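Only one structure is covered here, and it is reproduced in the block below.
The values are calculated or read from the model by the stated rules, or taken from the named source; none is laboratory data. Keep in mind the model is a prediction, meaning the values are calculated, not measured. Methodologically, a virtual Cβ is constructed for each residue, glycine included, from the backbone with ideal geometry; neighbour enumeration extends over all protein chains shown.
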Amino acid sequence: MHEANHASWQISTDQPQHLVIGLFIRDVAGVPSRNSWLPPASPAVPRAGDQAPDVTGQQWDDWWNQAVMEEDQAGGADWPLDLSSWWSPPAFESLHAAPELQEIVAAHFFDAVRWSNDRHQEHGVTMQSSVGALFATKLVRTMERALARTARPFHLRITEIPVLGQQLWQLRPDHVLVSSALLRDTAQYRQQLVPVVEALF
(Lines give C-alpha, C1' and ligand atoms only; values in the text may rest on other atoms or scores of the structure.)
Protein backbone atom coordinates (compact mmCIF):
# COMPACT_ATOMS: atom_id res chain seq x y z
CA MET A 1 0.00 0.00 0.00
CA HIS A 2 1.23 3.48 -0.86
CA GLU A 3 0.23 6.33 1.42
CA ALA A 4 0.46 10.11 1.37
CA ASN A 5 0.04 11.49 4.87
CA HIS A 6 -0.40 14.92 6.33
CA ALA A 7 -1.32 15.86 9.90
CA SER A 8 -4.99 16.05 8.93
CA TRP A 9 -5.42 13.95 5.80
CA GLN A 10 -4.37 10.67 4.22
CA ILE A 11 -4.64 9.24 0.71
CA SER A 12 -3.77 5.55 0.40
CA THR A 13 -3.50 3.65 -2.87
CA ASP A 14 -3.51 -0.12 -3.03
CA GLN A 15 -3.96 -2.98 -5.48
CA PRO A 16 -5.29 -5.85 -3.33
CA GLN A 17 -4.02 -9.16 -4.66
CA HIS A 18 -7.26 -11.03 -4.02
CA LEU A 19 -9.17 -8.62 -6.29
CA VAL A 20 -6.60 -9.06 -9.06
CA ILE A 21 -6.71 -12.85 -8.72
CA GLY A 22 -10.51 -12.71 -8.77
CA LEU A 23 -10.53 -10.78 -12.04
CA PHE A 24 -8.16 -13.30 -13.63
CA ILE A 25 -10.37 -16.20 -12.48
CA ARG A 26 -13.47 -14.48 -13.89
CA ASP A 27 -11.92 -14.02 -17.33
CA VAL A 28 -9.88 -17.22 -17.69
CA ALA A 29 -12.96 -19.34 -16.97
CA GLY A 30 -15.55 -17.10 -18.64
CA VAL A 31 -17.47 -16.71 -15.37
CA PRO A 32 -20.82 -15.11 -16.35
CA SER A 33 -20.74 -12.18 -13.92
CA ARG A 34 -23.75 -9.86 -13.81
CA ASN A 35 -21.50 -6.95 -12.87
CA SER A 36 -21.72 -5.54 -16.39
CA TRP A 37 -20.10 -2.26 -15.24
CA LEU A 38 -16.85 -4.11 -14.56
CA PRO A 39 -14.68 -4.27 -17.73
CA PRO A 40 -12.51 -7.19 -18.81
CA ALA A 41 -9.10 -7.56 -17.21
CA SER A 42 -6.20 -5.71 -18.81
CA PRO A 43 -3.94 -7.02 -20.18
CA ALA A 44 -6.47 -9.46 -21.57
CA VAL A 45 -6.69 -12.91 -19.99
CA PRO A 46 -7.27 -15.61 -22.64
CA ARG A 47 -10.14 -18.00 -21.94
CA ALA A 48 -9.10 -21.54 -21.02
CA GLY A 49 -11.76 -24.10 -21.85
CA ASP A 50 -15.54 -23.75 -21.94
CA GLN A 51 -17.49 -20.96 -20.28
CA ALA A 52 -18.10 -21.58 -16.59
CA PRO A 53 -21.65 -22.59 -15.58
CA ASP A 54 -24.18 -19.87 -14.70
CA VAL A 55 -24.11 -20.71 -10.98
CA THR A 56 -20.47 -19.59 -10.79
CA GLY A 57 -21.50 -16.13 -11.96
CA GLN A 58 -23.67 -15.61 -8.88
CA GLN A 59 -20.99 -17.06 -6.63
CA TRP A 60 -18.32 -14.79 -8.11
CA ASP A 61 -20.57 -11.72 -7.94
CA ASP A 62 -21.38 -12.40 -4.27
CA TRP A 63 -17.67 -12.61 -3.53
CA TRP A 64 -16.75 -9.51 -5.58
CA ASN A 65 -19.49 -7.37 -4.04
CA GLN A 66 -18.27 -8.27 -0.57
CA ALA A 67 -14.61 -7.92 -1.48
CA VAL A 68 -14.84 -4.37 -2.80
CA MET A 69 -16.93 -3.24 0.18
CA GLU A 70 -14.58 -5.06 2.55
CA GLU A 71 -15.00 -5.12 6.31
CA ASP A 72 -17.84 -2.62 6.67
CA GLN A 73 -20.16 -4.92 4.69
CA ALA A 74 -18.61 -8.32 5.29
CA GLY A 75 -19.86 -8.71 8.86
CA GLY A 76 -23.35 -9.70 7.78
CA ALA A 77 -22.23 -11.92 4.93
CA ASP A 78 -21.80 -15.64 4.56
CA TRP A 79 -18.19 -15.12 3.49
CA PRO A 80 -15.28 -15.03 5.95
CA LEU A 81 -14.25 -11.60 7.20
CA ASP A 82 -10.80 -11.94 5.68
CA LEU A 83 -11.88 -12.11 2.06
CA SER A 84 -8.32 -12.63 0.87
CA SER A 85 -8.47 -16.06 2.57
CA TRP A 86 -10.72 -17.15 -0.27
CA TRP A 87 -7.57 -17.78 -2.25
CA SER A 88 -5.83 -20.23 0.11
CA PRO A 89 -4.46 -23.34 -1.59
CA PRO A 90 -4.45 -26.25 -1.78
CA ALA A 91 -8.07 -26.96 -0.83
CA PHE A 92 -9.56 -23.42 -0.83
CA GLU A 93 -11.66 -24.44 2.18
CA SER A 94 -13.25 -21.01 2.47
CA LEU A 95 -14.97 -21.65 -0.88
CA HIS A 96 -16.85 -24.69 0.41
CA ALA A 97 -20.15 -22.78 0.08
CA ALA A 98 -19.39 -22.18 -3.62
CA PRO A 99 -18.15 -25.58 -4.88
CA GLU A 100 -18.40 -24.75 -8.59
CA LEU A 101 -16.27 -21.64 -8.17
CA GLN A 102 -13.95 -23.55 -5.84
CA GLU A 103 -13.20 -26.03 -8.64
CA ILE A 104 -12.38 -23.22 -11.09
CA VAL A 105 -10.16 -21.41 -8.59
CA ALA A 106 -8.24 -24.64 -7.85
CA ALA A 107 -7.67 -25.25 -11.57
CA HIS A 108 -6.34 -21.77 -12.37
CA PHE A 109 -4.94 -20.48 -9.09
CA PHE A 110 -1.21 -20.59 -9.84
CA ASP A 111 -1.62 -18.91 -13.23
CA ALA A 112 -3.73 -16.27 -11.47
CA VAL A 113 -1.00 -15.66 -8.88
CA ARG A 114 1.65 -15.27 -11.59
CA TRP A 115 -0.58 -12.80 -13.45
CA SER A 116 -1.32 -10.86 -10.26
CA ASN A 117 2.40 -10.67 -9.38
CA ASP A 118 3.08 -9.08 -12.79
CA ARG A 119 0.29 -6.55 -12.16
CA HIS A 120 1.70 -5.81 -8.70
CA GLN A 121 5.10 -5.00 -10.20
CA GLU A 122 3.45 -2.64 -12.70
CA HIS A 123 1.53 -1.01 -9.85
CA GLY A 124 4.79 -0.39 -7.97
CA VAL A 125 6.39 1.21 -11.02
CA THR A 126 3.35 3.46 -11.56
CA MET A 127 3.32 4.60 -7.95
CA GLN A 128 7.05 5.38 -7.99
CA SER A 129 7.00 7.19 -11.32
CA SER A 130 3.95 9.42 -11.35
CA VAL A 131 1.21 9.16 -8.74
CA GLY A 132 2.93 8.42 -5.47
CA ALA A 133 2.94 10.46 -2.26
CA LEU A 134 4.25 13.61 -3.95
CA PHE A 135 1.36 13.60 -6.45
CA ALA A 136 -1.25 13.44 -3.66
CA THR A 137 0.50 16.12 -1.58
CA LYS A 138 0.70 18.49 -4.56
CA LEU A 139 -2.95 17.82 -5.43
CA VAL A 140 -4.18 18.66 -1.92
CA ARG A 141 -1.93 21.74 -1.61
CA THR A 142 -3.15 23.06 -4.98
CA MET A 143 -6.76 22.59 -3.86
CA GLU A 144 -6.08 24.26 -0.51
CA ARG A 145 -4.72 27.30 -2.33
CA ALA A 146 -7.66 27.35 -4.77
CA LEU A 147 -10.20 27.08 -1.94
CA ALA A 148 -8.21 29.42 0.34
CA ARG A 149 -8.41 27.05 3.31
CA THR A 150 -6.79 23.94 4.67
CA ALA A 151 -8.35 20.53 4.10
CA ARG A 152 -10.57 19.04 6.77
CA PRO A 153 -9.34 15.70 8.15
CA PHE A 154 -10.07 12.89 5.69
CA HIS A 155 -8.82 9.48 4.60
CA LEU A 156 -9.36 8.59 0.94
CA ARG A 157 -8.81 5.00 -0.11
CA ILE A 158 -7.97 4.38 -3.78
CA THR A 159 -8.15 0.78 -4.97
CA GLU A 160 -6.51 0.04 -8.32
CA ILE A 161 -7.84 -2.81 -10.46
CA PRO A 162 -6.29 -3.97 -13.75
CA VAL A 163 -9.26 -3.61 -16.09
CA LEU A 164 -9.77 -2.11 -19.54
CA GLY A 165 -10.24 1.62 -20.03
CA GLN A 166 -9.58 4.78 -18.03
CA GLN A 167 -12.28 4.68 -15.39
CA LEU A 168 -13.08 5.66 -11.81
CA TRP A 169 -15.96 4.27 -9.77
CA GLN A 170 -16.93 5.88 -6.47
CA LEU A 171 -17.95 3.17 -3.98
CA ARG A 172 -18.29 5.54 -1.02
CA PRO A 173 -17.36 9.19 -0.45
CA ASP A 174 -13.98 8.02 0.87
CA HIS A 175 -13.32 4.97 -1.34
CA VAL A 176 -12.87 4.79 -5.11
CA LEU A 177 -11.94 2.07 -7.57
CA VAL A 178 -9.69 3.16 -10.44
CA SER A 179 -8.46 1.29 -13.50
CA SER A 180 -4.72 0.83 -13.96
CA ALA A 181 -4.79 2.78 -17.23
CA LEU A 182 -6.35 5.80 -15.50
CA LEU A 183 -3.76 5.68 -12.74
CA ARG A 184 -0.99 5.79 -15.37
CA ASP A 185 -2.47 8.85 -17.13
CA THR A 186 -1.53 11.51 -14.60
CA ALA A 187 -3.52 14.37 -16.15
CA GLN A 188 -6.69 12.34 -16.64
CA TYR A 189 -6.34 10.80 -13.17
CA ARG A 190 -5.97 14.22 -11.55
CA GLN A 191 -9.04 15.50 -13.40
CA GLN A 192 -11.22 12.61 -12.20
CA LEU A 193 -9.82 12.63 -8.66
CA VAL A 194 -10.26 16.36 -7.94
CA PRO A 195 -14.08 16.23 -7.43
CA VAL A 196 -13.70 13.19 -5.13
CA VAL A 197 -11.11 14.96 -2.96
CA GLU A 198 -13.01 18.26 -3.07
CA ALA A 199 -16.10 16.56 -1.64
CA LEU A 200 -14.00 15.43 1.34
CA PHE A 201 -12.59 18.94 1.94
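Remark: pairs (first residue in segment 184-197, of a type in the set (D, E, K, R); second residue part of a helix (DSSP H, G or I); Cβ separation under 6 Å; 6+ apart in sequence or on different chains) = 184/126.
Please go through segment 3-34 and pick out each residue that is hydrophobic (A, V, I, L, M, F, W, C) and at pLDDT 90 or above. If the condition is that a residue be hydrophobic (A, V, I, L, M, F, W, C) and at pLDDT 90 or above, then 9, 11, 19, 20, 21, 23, 24, 25, 28, 29, 31 are the ones that fit. Within segment 182-194, the set of residues being touching a strand residue (DSSP E or B) at 6+ places or on another chain (Cβ under 9 Å) and surrounded by fewer than 19 Cβ atoms within 10 Å (Cβ to Cβ) comprises just one member, 192. Annotation: residue 136 fulfils all but one of (1) more than 16 Å from residue 3 (Cβ to Cβ); (2) assigned to a helix (DSSP H, G or I); the unmet one is (1).
Restricting the search to helices (runs of 4 or more DSSP H) fully inside segment 37-133 and requiring at least 2 residues that are over 21 Å from residue 159 (Cβ atoms) and modelled with pLDDT of 90 or more gives 54-69, 99-129.
Hey, does segment 124-147 have a residue that's surrounded by fewer than 18 Cβ atoms within 10 Å (Cβ to Cβ), within 24 Å of residue 39 (Cβ to Cβ), under 17 Å from the mean Cα position of the chain (by Cα) and touching a residue at least 40 places away in the same chain (Cβ under 8 Å)? Looking for residues that are surrounded by fewer than 18 Cβ atoms within 10 Å (Cβ to Cβ), within 24 Å of residue 39 (Cβ to Cβ), under 17 Å from the mean Cα position of the chain (by Cα) and touching a residue at least 40 places away in the same chain (Cβ under 8 Å), one finds none in segment 124-147, hence no.
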